[in-house]
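Reading through the structure tokens given below for one structure.
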Amino acid sequence: MKSSNKKWWAMWTVSTLLLIGYYAYAMTNGDESNFLPGPSSHGHYQIELACDTCHGEAFAGPEIMQKACVGCHSEELERVEDSHPRKKFTDPRNVDQLEQLDARYCVTCHNEHRIEITDETGVTLPSDFCLLCHQDIAEDRESHRDLEFNTCANSGCHNYHDNKALYEDFLVKHADEEATNGHAVLPERNLAAFINAISDRPLSSLMASDADMPNTVTQDDIVILSWSASAHARNGINCSACHMSSYVADDRWNKSPSEAVCKECHAKEQEGFLASRHGMRTAQEMSAMSPSFARLAMKQKSHEQSLSCHSCHDSHRYNTVEAAVEACIGCHDDKHTLAYKASPHYQLWQQELAGTLPEGSGVSCSSCHLPREIIRERGHQRTAVQHNQNDFLRPNEKMIRPVCLKCHGLGFTFNALADEALIEKNFTGKPEKTVASIEMALKRERTDKKKAN
Amino acid sequence: MKHIKTQLAVIGLAGISMALVGCNEEKTTAAAAPASVSPQKMADALFTVMEADRATYTQKVLKRLVKEEKLIKASEHWKDDKALPLPAQMFRMASERAAENSSDFSYSLISAWPINKQNEPKTAAEKEGVKFIEDNPGKRFYKEEKLGGTTYFTAIYPDVAVSSACSSCHNDHKDSPKTDFKVGDTMGGVVIRIPL
């Protein structure tokens, strides 16, 4: 062997060993960022270093990844009555269609680590993908003849998963609604009544003098004052309920109870938080989300924060009025947020706080982004605040039924949600876009009736 | 030696009597392998269950509560309208549920005049079968077909308008391409596929 060849072999061996050593070190030290094939989408980037969450432990095949997708997203898909569920595509008669678009797997449309082609709804296919299966739509719908395939998913038209507010009969049913129902109010929060209904020890209101911390604990007057003005004191939740919770095995005084204690009464809310952009890192046992890590604009002063129940609900006071607006504005710094205090929604919120409008008439950040839901729990109905804002975010037609229609008519909602400039102004002004879907449905209804007669 | 022979005879007799006592179970296990059910028999049996379930729902639940007692409506948008699902929807929901739980067979409803265009005959066997059941009322269609590299035993059974509710609902639906169905008409077919 020539000596120059030997030199090259030696260099190759050394560089290979160095590379192996580098990656082995990275892997064993928990820094898996080297293995990322590319930046992740806005939906997953927070947990992109928890590789196993999606890929499974041994980087298993597509079925394991599908299971991971479903593990986090199935509840939402079920709630919105997914129009294209996997179960509709496993029938062998669809095999030709699957060659075009394998709708059995989420990753066909949501291909992760491809940020350069990922749209704001997390889709990585060209926007005219509906064409692959519905190319002959114009034959059935004259109204669709001149429409381009990249407009199918425009706000107020169609959505691949959630068409609950978009199906034709729904459009017809809601066609004549006013822009705003001036008397609308949100469902009243009633957790205390619910707890009383399921508990054998009815809770009664407490005062500062009722605080039941042990003598061994130093009293802090500000803390006691804060607590005595809180919904906790009003509804009989004493110091011991959190600080000496039976959840903590030995019932000793715990100065800083963990959030597992919150879950005892607020399980549904915590479940939503852990599924949300705010809590998804905590759910993966990673360090908590911080505004400094956000891709949206956040206020500089908030960068040091890390998110937990207490970042929005200050301990002892647990002021839900502050949590509903000021907590959000404390961090978020985008145009929509900054425009809120000049919006008609905020005016209503202020009027509610001033008592000139009934409770539930105001529109806070959380009225829309963490909406109230009526749920059934332990055989009783209660109002819960859905803390997973992702369920009502993008595409924005996800908000139509659970949020907008609570106070607005369908036509106005479509137009407003299609008007990006109006959204940026936090709905100050009137929609300047007109979505044709209701008119199309009405027209078809009229022609159909003529046919029937 | 004799003693050993006696012992063996006793053991032998005991074995035979044990076999006789457990003969029912033995028979089942032994018979299962050679006399396996043919794909056609399996498909026919599945269809019998599907048809029976749908007829029971239609007559004992829907007809009674909607038409006779007028307690509740049946609606295509049954969730929003807080109503009962239509029989065809019950059928499809069950078919999707079965598909989630088993890949040993699949079934669906197809028609040459579907309300949802995705349910018109797609494969060559479906096209041939739907034509066959329309042209030969009451007859069933069986064929093997290859889809995506797998061979299936495909059976298509006529889906007949058993009551005026079936025909009128389809005739009045704005997405229905046919508006003159009558009771007794073959409106489409139930397709059952078994991978071979």
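No lab work stands behind these numbers, since they all come straight from the coordinates. Worth saying up front: this structure is predicted, and the values here are computed from it rather than measured. We place every Cβ from the backbone using ideal geometry, glycine too, and count neighbours over all the protein chains shown.
Mean per-residue shielding of peptide B:135-147 is 1, counting Cβ atoms of other chains within 10 Å of each Cβ.
Among the residues of B:115-123, the average count of other protein chain beta-carbon atoms within 10 Å of the residue beta-carbon is 3.
All alpha carbon pair distances within the stretch A:201-313 were sorted into 5 Å bins beginning at 0; the resulting P(r) in whole percents reads 2, 10, 17, 19, 17, 14, 12, 7, 2, 0. In sequence order, the stretch A:372-378 has phi-based couplings of 7, 10, 8, 10, 10, 9, 6 Hz under the Karplus curve 6.51 cos²θ - 1.76 cosθ + 1.60, θ = phi - 60°, and Gly or Pro positions carry x. Simple spin-label estimate for A:Ala260 and A:Ser83 gives 4.4 nm between the two label positions (7 Å along the Cα-to-Cβ direction from each Cα). Rg and Dmax of the stretch A:130-178, both derived from C-alpha coordinates alone, stand at 12.0, 37 Å. Straight-distance candidates among the lysines for linking to A:Lys433, with alpha-carbon spacing under 16 Å and chain neighbours fewer than 8 residues away dropped: A:Lys425. For the stretch B:40-47, 3J(HN,Hα) computed residue by residue from phi via the Karplus equation (6.51, -1.76, 1.60; θ = phi - 60°) reads 5, 5, 5, 5, 4, 5, 4, 5 Hz, glycine and proline entered as x. Diffusion coefficient of the stretch A:200-262 by Stokes-Einstein, Kirkwood radius over Cα pairs, 37 °C, 0.692 mPa s: 269 µm²/s. Two numbers describe the Cα atoms of the stretch A:29-152: Rg and Dmax, which are 16.9, 61 Å.
Explain nothing, just the number: relative contact order of chain A, from Cα pairs under 8 Å at least 6 residues apart, as a whole percent. Intermediate results must be reported in sequence, preceding the final value.
Working: 547 pairs, mean separation 76.4, N = 453.
Reported as a whole number, the value is 17 percent.
Phi angles across the stretch B:132-139 convert, under the Karplus curve 6.51 cos²θ - 1.76 cosθ + 1.60 with θ = phi - 60°, into 3J(HN,Hα) values of 4, 6, 6, 6, 10, x, x, 8 Hz, Gly and Pro given as x. Filter the cross-link list B:Lys41/B:Lys139; B:Lys41/B:Lys146; A:Lys164/B:Lys117; A:Lys268/A:Lys335; A:Lys87/B:Lys139; B:Lys70/B:Lys178 down to pairs whose alpha-carbon distance in this structure exceeds 22 Å. Table pairs above 22 Å Cα-Cα are A:Lys268/A:Lys335; A:Lys87/B:Lys139; B:Lys70/B:Lys178.
The packing ranking, built from the mean of other Cβ atoms within 10 Å per residue, places the peptides A:317-327, B:151-161 in the order B:151-161, A:317-327, highest first.
Considering only DSSP states other than H, G, I, E and B, which GluC sites (Glu not before Pro) in the stretch A:117-155 qualify as loop sites with at most 12 other Cβ atoms within 10 Å?
Taking the stretch A:117-155 and a limit of 12 other Cβ atoms within 10 Å, the loop GluC sites (Glu not before Pro) found are A:Glu120, A:Glu148.
Take A:412-424, B:35-47 and order them by the average number of nearby Cβ atoms within 10 Å per residue, most first; the result is A:412-424, B:35-47.
For the stretch A:403-452, the Kirkwood hydrodynamic radius comes to 12.2 Å, computed from all pairs of different C-alpha atoms. Each of A:His310 and B:Asp135 was given a label point 7 Å from its Cα along the Cα-to-Cβ line. The distance between the two points is 7.9 nm. With R₀ fixed at 25 Å, the C-beta to C-beta distance from A:Val223 to A:Gln351 puts the FRET efficiency at about 0.20. Three principal axis extents describe the C-alpha atoms of the stretch B:37-195; from largest down they are 48, 34, 25 Å. Placing pseudo-labels 7 Å out from each Cα toward the beta carbon at A:Thr447 and A:Ser127 gives an inter-label distance of 2.6 nm. Computed packing ranks the peptides A:288-294, A:384-390, A:12-18, A:73-79 as A:384-390, A:288-294, A:73-79, A:12-18, most packed first, by mean other Cβ atoms within 10 Å. Taking the three principal axes of the alpha carbon atoms in the protein assembly as shown, the coordinate ranges are 95, 90, 80 Å, sorted in descending order. Of interest is the spacing of the C-alpha centroids, which for the stretch A:364-423 and the stretch B:112-167 amounts to 43 Å. The separation of the stretch A:178-246 from the stretch A:125-166, counted between C-alpha centres, amounts to 50 Å.
Summary value for the stretch A:29-152: 24 percent relative contact order, contacts being C-alpha pairs under 8 angstrom separated by 6+ residues. For peptide B:151-164, the mean count of partner chain Cβ atoms within 10 Å of a residue's Cβ comes to 0.
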